[in-house]
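Take a look at the structure set out below.
The values are calculated or read from the model by the stated rules, or taken from the named source; none is laboratory data. Remember, it's a predicted structure, so these values are computed and weren't measured experimentally. No Cβ is skipped: glycine too gets one built from the backbone with ideal geometry, and neighbour counts run over all protein chains shown. When the accessible area is computed, the model is the full protein with side chains, heavy atoms only, and any ligands, DNA or RNA have been set aside. Shrake-Rupley method; radii C 1.70, N 1.55, O 1.52, S 1.80 Å.
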Amino acid sequence: QVQLIESGGGLVQAGGSLRLSCAASGRTFSSYNMGWFRQAPGKEREFVAAISWSGGSTYFADSVKGRFTISKDNAKNTMVLQMNSLKPEDTAVYYCNALWGSWGTPWRALYDDWGQGTQVTVSS
C-alpha cells in the first residue's frame, strides 16, 4: 500500500519562497508520473504541476508557470515542489499524488487517499 506524505508548508510573505517535499513508500516514484495539486478554502482541488516517472518531462499550470519548479529523486522516493515568487492566491493545502494513465492532460490523481497535505499560506 502506497503512502504519500507532504511536508514543508508554512507561512510566508508575498514574494517569498517555500520548498515542499513529498515522500512515498513503495516504488511510486519509479513507476508513475507524479504531480502536485492544491485546494484553497471553498474551492475545488486544482492541478499545479506534473513530472514524468523518469523526471524528464514537466508541466505546470499557467497560474504557477515560471515561478514553480518540480523535481524528483526516484532512488529516494521523494519529490520536491520549489515555490518562488509566491502570491496570496497560492494559499492552499498542497497535496502530492501519482498521476493516472499516460503522460499528458488531463492530470488525474491515481490514489483516492489524499492524506493530510501541507498548508501554504502567503500573506499580503
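Filter segment 67-78 for residues that are in contact with a strand residue (DSSP E or B) (Cβ under 7 Å, 6 or more places away or on another chain) and in a strand (DSSP E or B); which is most open to solvent (accessible area, probe 1.4 Å)?
Thr69
With the requirement that a residue be basic (Lys, Arg) and in contact (Cβ under 8 Å) with a residue 60 or more places away in the chain, what does segment 1-32 give you?
Arg19
One residue is enough: does segment 79-100 have a residue meeting the conditions at pLDDT below 95, part of a loop (DSSP other than H, G, I, E, B) and of a type outside the set (Asp, Glu)?
Within segment 79-100 (the criterion being at pLDDT below 95, part of a loop (DSSP other than H, G, I, E, B) and of a type outside the set (Asp, Glu)), the answer is yes, since at least one residue qualifies.
Hey, any hits in segment 47-57 for a residue that's open to solvent by 40 Å² or more (accessible area, probe 1.4 Å), in a strand (DSSP E or B) and not aromatic (Phe, Trp, Tyr)?
no
Condition first: more than 23 Å from Gly66 (Cβ to Cβ) and either part of a strand (DSSP E or B) or open to solvent by 20 Å² or more (accessible area, probe 1.4 Å) (or both). Now tell me which residues in segment 101-124 satisfy that.
Matches in segment 101-124: Gly101, Ser102, Arg108, Ala109, Leu110, Tyr111, Asp112, Asp113, Trp114, Gly115, Gln116, Gln119.
Specify the residue that is nearest to Gly15 (Cα to Cα); the eligible residues are those in segment 81-91 that are out of contact with any Phe, Trp or Tyr (no Cβ under 8 Å at 6 or more places or on another chain) and surrounded by 22 or more Cβ atoms within 10 Å (Cβ to Cβ).
Among those residues, the one meeting the criterion is Leu86.
Could you please find all residues in segment 68-124 being under 16 Å from Tyr32 (Cβ atoms), more than 15 Å from the chain's Cα centre (by Cα) and acidic (Asp, Glu)?
Asp112 - this is the single residue of segment 68-124 that is under 16 Å from Tyr32 (Cβ atoms), more than 15 Å from the chain's Cα centre (by Cα) and acidic (Asp, Glu).
List every residue pair whose Cβ atoms lie under 6 Å apart, where the two residues are 6 or more positions apart in sequence or sit on different chains, the first residue falls within segment 48-60 and is under 17 Å from Lys76 (Cβ atoms), and the second residue, located anywhere, is outside any loop (DSSP other than H, G, I, E, B) and open to solvent by 30 Å² or more (accessible area, probe 1.4 Å).
Qualifying pairs under 6 Å: Ile51/Thr58; Ile51/Lys72; Gly55/Lys72.
Any residue in segment 108-121 that is of a type in the set (Ser, Thr, Tyr) and touching a Lys or Arg at 6+ places or on another chain (Cβ under 8 Å)?
No: zero hits.
For the subset of segment 1-56 comprising residues that are modelled with pLDDT of 95 or more and among the charged types (D, E, K, R), which member is nearest to Ser85 (Cα to Cα)?
Once the filter is applied, the top-ranked residue is Arg19.
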